[in-house]
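Trainee: Just passing along the structure, written as structure tokens.
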Amino acid sequence: MTIIPFVALLQVTVSDLVRNAKPIPAAVMITLLLLSIFSLTIIFSKWKELRAGRDANRLFLKHFRQTQTLENAVKASEQNRTAPLVSVFAFGYNELERQVRQRGSLINRAALERSLQLGISEEMARLERNMNWLATIATITPFIGLFGTVWGIIDAFNALGAAGSASLRAVAPGIADALIATALGLTAAIPAAIFYNYFGHVLKELGTRMEDFSLEFLNLTESTYGG
């Protein structure tokens, strides 16, 4: 006799549950849906940005290593403006150009190294933008979902007490709210956590690549202008 109400419960859609839920469970579900959409937006944009950055880095580094002069390296940087390495190159080249204009040669290697480090820091800060949102979403959404779960179970027990008997029809709405809140919390948290860790690995790789490039830049400048 309890199979029919249970089957009917399974046929209810998520939109029906959100629309028919009480204010607090509905607010929890809507919040989790919005956070999930926000998280996916960041994931897709960051994926595109980092993939384009790695491809542009590869092309610029190939051209840079084939150049014999800094003038040719400047031309290579103009052809690969989206490469994170180009930002580091620009910081170093501007400092080098300033020193050469004043004294005709590289006179302060330490200042050039600091400029390259500033370029790395600036580019890493740009690449890491919005990563904190992924970490936040991965951390808080399970707790928001848990809050919705607890609230739904409380509603289920209240409905059970009001019915005065153990009835699936009485507790079904509260249990449904609880399960949906749990599912939405995990749906928002899992992709955010996975891609936060993945992007962190990619950013570490890019940071190492920029550090290595700064050494190559120093070698080229010293062979050209001395130091």
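Trainee: Here is a list of conditions, (1) free of Cβ contacts under 8 Å to residues at least 40 places away in the same chain; (2) more than 20 Å from VAL202 (Cα to Cα); (3) touching a Gly at 6+ places or on another chain (Cβ under 9 Å), and VAL74 meets all of them except one; can you say which number that is?
Mentor: (3)
Trainee: Another question, then. With THR69, THR136 as the choices, which residue is modelled with pLDDT of 95 or more, surrounded by fewer than 20 Cβ atoms within 10 Å (Cβ to Cβ) and not acidic (Asp, Glu)?
Mentor: Only one candidate passes the filter, namely THR136.
Trainee: Would you confirm, using the coordinates I've provided, whether ARG103 is without any contact (Cβ under 8 Å) to a residue 24 or more places away in the chain and not hydroxyl-bearing (Ser, Thr, Tyr)?
Mentor: It is true that ARG103 is without any contact (Cβ under 8 Å) to a residue 24 or more places away in the chain and not hydroxyl-bearing (Ser, Thr, Tyr).
Every residue, every condition in (1) more than 30 Å from the chain's Cα centre (by Cα); (2) among the aromatic types (Phe, Trp, Tyr); (3) assigned to a helix (DSSP H, G or I), yes or no:
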site	(1), (2), (3)
PHE60	no, yes, yes
PHE64	no, yes, yes
GLN68	yes, no, no
LEU85	no, no, yes
VAL88	no, no, yes
PHE91	no, yes, yes
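Trainee: Which of the residues that make up segment 181-227 are crowded, with 17+ Cβ neighbours inside 10 Å, closer than 26 Å to ASN57 by Cβ, among the hydrophobic types (A, V, I, L, M, F, W, C) and over 13 Å from the mean Cα position of the chain (by Cα)?
Mentor: LEU206, MET210, PHE213, PHE217, LEU218, LEU220
Trainee: While we're here: Being modelled with pLDDT of 90 or more, within 17 Å of THR224 (Cβ to Cβ), surrounded by 12 or more Cβ atoms within 10 Å (Cβ to Cβ) and in contact with a Leu (Cβ under 7 Å, 6 or more places away or on another chain): is that true of GLY53 here?
Mentor: Considered against the rule, which asks whether it is modelled with pLDDT of 90 or more, within 17 Å of THR224 (Cβ to Cβ), surrounded by 12 or more Cβ atoms within 10 Å (Cβ to Cβ) and in contact with a Leu (Cβ under 7 Å, 6 or more places away or on another chain), GLY53 comes out as no.
Trainee: Within segment 114-147, count every residue that is in contact with a helix residue (DSSP H, G or I) (Cβ under 7 Å, 6 or more places away or on another chain) and either among the small types (Gly, Ala, Ser) or within 29 Å of GLU205 (Cα to Cα) (or both).
Mentor: 19
Trainee: Could you tell me whether ALA83 is aliphatic (A, V, I, L, M), over 22 Å from ARG109 (Cβ atoms) and in contact with a helix residue (DSSP H, G or I) (Cβ under 7 Å, 6 or more places away or on another chain)?
Mentor: yes
Trainee: Name, by its number, the condition in (1) touching a helix residue (DSSP H, G or I) at 6+ places or on another chain (Cβ under 8 Å); (2) closer than 30 Å to LEU186 by Cα; (3) without any contact (Cβ under 8 Å) to a residue 60 or more places away in the chain; (4) not small (Gly, Ala, Ser) that does not hold for LEU32.
Mentor: (3)
The values are calculated or read from the model by the stated rules, or taken from the named source; none is laboratory data. Everything numeric in this text was worked out from a predicted model, so none of it was measured. Methodologically, a virtual Cβ is constructed for each residue, glycine included, from the backbone with ideal geometry; neighbour enumeration extends over all protein chains shown.
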